[in-house]
Amino acid sequence: MYRKTEAHIDLGAIRSNFALACSLAPHSKCIAVIKANAYGHGMLRVAEAMQDVAKAFAVATIEEALELRNAGINNALLVLQGVTTSTACKVAASNNLSLVVHSPEQIESLIEARVSPKVWLKIDSGMHRLGLAPGDVANACKRLDAGGIKVQVACTHFACADALDSDATRQQLQSFNAATAGLGLPRSAANSAAVLGWPESHADWIRPGYMLYGSSPFRVDVEAARKLQAAMTLQSEIIAIRTVPAGDSVGYGARWTAERPSIIGTVAIGYADGYPRHAPNGTPTQVNGRPAPLAGTVSMDAITIDLTEHADAAIGDRVELWGPDIAVNEVAAAAGTIGYQLLSGVSSRVPRIYS
Ligand SMILES: Cc1ncc(COP(=O)(O)O)c(C=O)c1O
């Protein structure tokens, strides 16, 4: 590649974050969530790097699961949204995929397909996005049983596990435990925030995603999350430097105005690469280990940064947008979004470089 805009992916960091998740839930099995291109880190490379340690991988769609199978990944694979047609049920069964079943319609598709892939039955314990109502679980199990379909795991998903002071997770857990009592099924509830902050939710299978990539799902400091290692460093280079007199403005909409004679660096990354379009003036970047705040509107292919405190900055200098030195959560907070969106939104124009 000639343009030096790259996402460096540290696969060792992902393995170490996975080991941390496992050590926090020593009595649970761990299914590594690698949907959405492994949150932007490259699904196949991440799966290959983890296939000897992860008992299973979770993806959102059957297409993602088939991509893994076609690439020779033989680990158990769970499709978190399941499928909606009996044709897709057949494809899932013939590729040995496990399917989340979250609706009566999906149960009927499975029965119509006359196949019996492994099924994780999803229960809506209060998030009201996907899952059977607790009162419908017993009938759903009977219907599946009559169709010769074996439920492997009962699962649910938390809406507020990242809010440690909220009672919502406790209530969801209560509802889930009540709905699954007596079913005799293994259970799964915990996403990253619950792995780190709600040990009582760990149950038989934990399902961490975001933490595997090295960022905390919390907005506050949580001790268990301090050991996470950022797996992605998004970096680029300075491609132009100019002086701007006090009072002059920079970039689209003239949204940054120099309060003093300033030095502005232009960096070869923009929103078409996945850098957030809404990042405001002052969003942190780093040049040669020192802060160089964003100055001006993010363009499609470039950003401008304030290098006034960098007398030594030169064209070609490396700029870190996020990574070990700038938490992606910090950039996300400045831009009014979450790190999940920034990581998974790094576009295909940005080469991933693995180590
Ligand atoms: C059903 C399900 N389980 C687990 C996860 C992993 O969540 P997190 O990335 O917060 O760990 C997700 C992610 O959205 C999910 O949808």
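The values are calculated or read from the model by the stated rules, or taken from the named source; none is laboratory data. Owing to the predicted nature of the structure, the values given are computational and were not obtained by experimental measurement. Every residue, glycine as well, gets a Cβ built from its backbone with ideal geometry; the counts of neighbours run over all protein chains shown. These accessible areas exclude ligands, DNA and RNA; they are computed on the full protein's heavy atoms, side chains included. Shrake-Rupley method; radii C 1.70, N 1.55, O 1.52, S 1.80 Å.
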How many of the residues in segment 289-316 are on the phi > 0 side of the Ramachandran plot and surrounded by 18 or more Cβ atoms within 10 Å (Cβ to Cβ)?
1
Among what's in segment 78-123 and is of a type in the set (D, E, K, R) and assigned to a loop (DSSP other than H, G, I, E, B), pick the residue that is nearest to Ile34 (Cα to Cα).
Lys118
With criteria (1) part of a loop (DSSP other than H, G, I, E, B); (2) within 12 Å of the ligand (Cβ to nearest atom); (3) open to solvent by less than 60 Å² (accessible area, probe 1.4 Å); (4) not acidic (Asp, Glu), Gly126 comes up short on (2)
For segment 95-106, check the following and say yes or no: at least one residue is open to solvent by less than 20 Å² (accessible area, probe 1.4 Å) and more than 28 Å from Ala181 (Cα to Cα).
no
Inside segment 133-162, can you point out the residues that are in contact with a strand residue (DSSP E or B) (Cβ under 7 Å, 6 or more places away or on another chain) and within 14 Å of the ligand (Cβ to nearest atom)?
Val153, Ala154, Cys155, Thr156
Whether any residue in segment 146-157 is open to solvent by 60 Å² or more (accessible area, probe 1.4 Å), in a loop (DSSP other than H, G, I, E, B) and closer than 22 Å to Ala181 by Cβ is what I want to check.
yes
Restricting to segment 37-55, and then to whatever is touching a helix residue (DSSP H, G or I) at 6+ places or on another chain (Cβ under 8 Å) and assigned to a loop (DSSP other than H, G, I, E, B), can you tell me which residue is farthest from the ligand (Cβ to nearest atom)?
Val53
Flag for Leu11 being open to solvent by less than 50 Å² (accessible area, probe 1.4 Å), at pLDDT 95 or above and within 16 Å of the ligand (Cβ to nearest atom)
no
Within segment 1-33, the residues that are part of a loop (DSSP other than H, G, I, E, B) and in contact (Cβ under 8 Å) with a residue 60 or more places away in the chain are Met1, Arg3, Lys4, Thr5, Asp10, Ala25, His27, Ser28
Where Ala113 falls short, out of the listed (1) touching a Gly at 6+ places or on another chain (Cβ under 8 Å); (2) more than 13 Å from the ligand (Cβ to nearest atom); (3) aliphatic (A, V, I, L, M)
(1)
Right, Ser192: under 18 Å from the mean Cα position of the chain (by Cα), among the hydroxyl-bearing types (Ser, Thr, Tyr) and within 13 Å of the ligand (Cβ to nearest atom) or not?
yes
May I ask you to list the residues in segment 163-182 that are in a loop (DSSP other than H, G, I, E, B) and either more than 16 Å from the ligand (Cβ to nearest atom) or open to solvent by 50 Å² or more (accessible area, probe 1.4 Å) (or both)?
Leu164, Asp165, Asp167, Ala181, Gly182
Where residues in segment 76-94 are away from the ligand (no atom under 16 Å from the Cβ) and of a type in the set (A, V, I, L, M, F, W, C), which of them is most open to solvent (accessible area, probe 1.4 Å)?
Val91
Which of (1) assigned to a strand (DSSP E or B); (2) open to solvent by 10 Å² or more (accessible area, probe 1.4 Å) is the odd one out, the single condition Ser236 does not satisfy?
(2)
So, of the residues in segment 56-75 that are buried (at least 17 other Cβ atoms within 10 Å of the Cβ) and in a strand (DSSP E or B), which turns out to be nearest to the ligand (Cβ to nearest atom)?
Ala58
